[in-house]
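FYI, it's all coordinate maths here, none of it is from the lab. Note that the structure is a prediction, hence the values are computed from the model and not measured. Reconstructed Cβ throughout: ideal geometry from the backbone, glycine too, with neighbour counts over all protein chains shown.
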Amino acid sequence: MSSAAPLVQILANVRHVVLVLSGKGGVGKSTITTGLALALRQAGNKVGILDVDLCGPSIPRMLSVGRPDVHLCDAGWVPVYTDAQKSLALMSIGFLLDDPDKAVVWRGPKKTALISQFVSDVAWEELDVLLVDTPPGTSDEHLAVLENLKKHRVDGAVLVTTPQAVSTGDVRREITFCKKTGVPILGIIENMSGFVCPHCSECSNIFSKGGGEELAKLTGSVFLGCVPLDPQLSSSMEEGKDFMELFSNSATSTAIGGISQTLLQRLQTT
Amino acid sequence: MADVPDNAPEHCPGTTSEKAGTSASCQGCPNQSLCASGATKTPDPAIAEIGEKLSSVKHKILVLSGKGGVGKSTFSAHLAHALASDSTKEVALLDIDICGPSLPRILGVEGEQVHQSGSGWSPVYVEDNLSVMSIGFLLSSPDDAVIWRGPKKNGMIKQFLRDVDWGELDYLIVDTPPGTSDEHLSIVQYLSSTHVDGAVIITTPQEVSLQDVRKEIGFCRMVKLKTTIFCTGSALFTEKMCQDFNLTLLGKVPLDPRIGQSCDEGKSFLSEVPDSPAADVYRTIVHSIQEYCSKRVTGDQDTC
């Protein structure tokens, strides 16, 4: 393992760092992170994803990168690229596991130590946006990411919720976490917002609707938009296919594309 | 067992950690020399105390999932409601999701207060025979965030087990956060001198969920916790996974929008929508769990 280059140097080529957070599990943080990354790439940006969910790393599967070996260069760990043009880079704990079915049963201090390495030792090349996918909660992983990114600007966080009160209830706490740790809130995304039937295009609200927008109003945050519950999005993620390419005319990809543009504008003006 | 004293510095490794007293964070801590002497590394006496305290609890069930958002809290709450529908049974729920406590809302008791008496903290009563303890009741506002590292979360879990006046219980159901981390290790360790009937693992049929559930199964095997499984939605892959791991698939719950609605409103959907196909499956699952628990009482070996 090479000695870590100074953190500031490693991330010097990364223009914007965005955390993807949610107090609540299962709202689609990894799906939204992947969707936003694909949308930003489609719009011509160089994008990186740092997957710090040590217990449940989902992104490698969603980007269909399998279980590659991680290599070292002088500057640190080389991220895995999804294509030869290096338009989308990924570093995930998933790459470090010999056995993807083996649980990472670590207490906080050990998780903190590995995340520090992740943040410090990945040799990101020039990136327009680095998205950091996180597990649910407000604990060791989140504090570790923030402590280690403190020397580099964290532009802010995007919070993902679903419409239900059980979800927005946890996301309110995540908003408090951001305020207490000084992380600007770039906006709130309401995922699984309405279900569009692929056969009849009728929209039904399986998980209700509007909770995310209400939460944004309540907390004075920007509402970035809604992403519907779309079986084609779920299956694309499941199979590691580029949803934004395959279903570029769908309402869902328009929604994700719109959110990514709003996000980019907010990053470029703050 | 990691334990963080109140006067410890921010990155305290815990008084029973191998690095107690010797880590960089220990510099300047008033407990440093005590920890470094090794006196704090003996088995946590709380484990035996908890064993004693919970000897009046007949059955303990953990509800786990590697994956977030699959319905652990929903299931825990409705399992409790269903078990408590027998008024002769005493049922309690323990919510150890310290960062995201959902049970108070799902049970319709958000905003209730916990009281302290000579015999300990009293849990909040949902029904006469159904009580719950959650950090949610200790927060002064719905916006309060619990930004704690592992050792402090572990301390809270210990207090819940040792200091709550649970009373005589037929069932104690423990709802957990997603993952395989401090909370999961702690609950297993703190309950190690008691009898735990087993764990129910919740999943959805997607591979992204099954991927995490396989890890959870690995965790259960590592800590020698008897496991069974249930699933939401249709489940060909789940059935295969259960076969591969020699686990019982308790049931497949169809997605019903009224489940989420009931949870948001703090009502039991078993009462609100008793005719729903999902309610039928829940009742079947609860029955299987009751049978499993009663077999353990009679000492029968279960192949689960």
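Taking the DSSP beta bridges with both ends in the protein assembly as shown, the antiparallel portion is around 20 percent. B:HIS115 sits among other residues whose Cβ lies under 14 Å from its own Cβ, and their net charge, with Lys and Arg +1 and Asp and Glu -1, is -3.
Where nothing but the Cβ of Lys and Arg (+1) and of Asp and Glu (-1) is charged, how large is the charge dipole of the stretch B:109-177 around its Cα centre, in debye to the nearest 20?
Values: 5 positive and 11 negative charges, 123 e Å.
Roughly 600 debye, rounded to the nearest 20.
Taking other C-beta atoms within 10 Å as the exposure proxy, A:PHE118, B:PHE219 rank A:PHE118, B:PHE219 from fewest upward. This ranking places B:LYS19, B:LYS240 by how few other beta-carbon atoms lie within 10 Å of each, fewest first, which gives B:LYS240, B:LYS19. Packing order of peptides A:31-42, A:224-235, A:248-259, B:205-216, highest average first: A:31-42, B:205-216, A:224-235, A:248-259 (average count of other Cβ atoms within 10 Å over each peptide's residues).
Contact order normalised by length for the stretch A:1-146, with contacts defined as Cα pairs under 8 Å and 6 or more residues apart; what percent is it?
42
Long hydrophobic helices in chain A, taken as whole DSSP H segments with a C-alpha length of 20 Å or more on their own axis and mean Kyte-Doolittle hydropathy at least -0.5: A:165-181, A:251-269.
Considering all C-alpha pairs of chain B, those separated by over 33 Å amount to 24%. Given axes a ≥ b ≥ c from the Cα gyration tensor, I'd like to know whether the stretch A:1-110 is rounded (a/c under 1.5), prolate (a/b larger than b/c) or oblate. Since a/c stays below 1.5, the shape of the stretch A:1-110 is classed as rounded. Only helices enter this figure: runs of n ≥ 4 DSSP H residues, each worth -39500 (n - 2.57), summed and divided by the residues of chain A, yield -11500 deg cm²/dmol at 222 nm to the nearest 500.
Other protein chain C-beta atoms within 10 Å of residue C-beta, averaged over B:215-222: 4. Ranked by the mean number of other Cβ atoms within 10 Å per residue, highest first, peptides B:180-186, A:142-148 order as B:180-186, A:142-148.
Each residue in A:THR112, A:THR219 was given a count of other beta-carbon atoms within 10 angstrom of its own, and listing them fewest first yields A:THR219, A:THR112.
About its Cα centre, the protein assembly as shown has a charge dipole of approximately 940 debye under the convention of +1 per Lys or Arg Cβ and -1 per Asp or Glu Cβ, with nothing else charged.
Peptide packing for B:154-162, B:42-50 was compared via the average number of neighbouring C-beta atoms within 10 Å per residue; ordered from the highest value, the list is B:154-162, B:42-50. Relative contact order for the stretch A:14-269: 26 percent, from Cα pairs under 8 Å spaced at least 6 residues apart, divided by residue count. Look at where the Cα atoms of the stretch A:23-80 and of the stretch A:106-183 average out, and the two centres are 14 Å apart. Summarised in one figure, the compactness ratio Rg/Rh of the stretch A:116-253, Cα atoms and Kirkwood Rh, is 1.00. Take the Cβ atoms of B:SER56 and B:ASP144, set R0 to 25 Å, and the FRET efficiency comes out at 0.20. In this calculation the C-beta distance from B:LEU255 to B:ALA48 is compared with R0 = 41 Å, giving a FRET efficiency of 0.40. Beta bridges assigned by DSSP with both partners in the stretch B:45-298 are antiparallel in approximately 15 percent of cases. When the listed pairs A:LYS29/B:LYS67; A:LYS111/B:LYS67; A:LYS24/B:LYS267; B:LYS60/B:LYS89; A:LYS24/B:LYS72; A:LYS180/B:LYS215 are checked against a 23 Å cut-off, the alpha-carbon distance exceeds it for A:LYS180/B:LYS215. Taking all Cα pairs closer than 8 Å and separated by 6 or more residues, the relative contact order of the stretch B:45-298 comes to 27 percent. Across peptide B:63-70, the average count of Cβ atoms from other chains found within 10 Å of a residue's Cβ is 5. For chain A, modelled as a GNM whose springs connect Cα atoms under 10 angstrom apart, the maximal fluctuation among A:SER236, A:SER167, A:SER204 occurs at A:SER204.
Ellipticity at 222 nm from helices only: DSSP H runs of n ≥ 4 in chain B, each -39500 (n - 2.57), divided by the residue count, give -11000 deg cm²/dmol. Report, to one decimal in Å, the Kirkwood hydrodynamic radius for the stretch B:77-225 based on all distinct Cα pairs. It is 16.3 Å. Between B:ASN7 and B:SER193, the distance separating the two model label sites (each 7 Å from Cα on the Cα→Cβ line) works out to 2.7 nm. Charging the Cβ of each Asp and Glu at -1 and of each Lys and Arg at +1, and nothing else, the dipole of the stretch A:18-125 about its Cα centre rounds to 400 debye.
Inter-chain Cβ neighbour count for B:254-262, averaged per residue, equals 3 (cutoff 10 Å, partner chain atoms only). In the protein assembly as shown, the ratio of gyration radius to Kirkwood radius, Rg to Rh, stands at 0.95 when only Cα atoms are counted. Considering all C-alpha pairs of chain A, those separated by over 27 Å amount to 34%.
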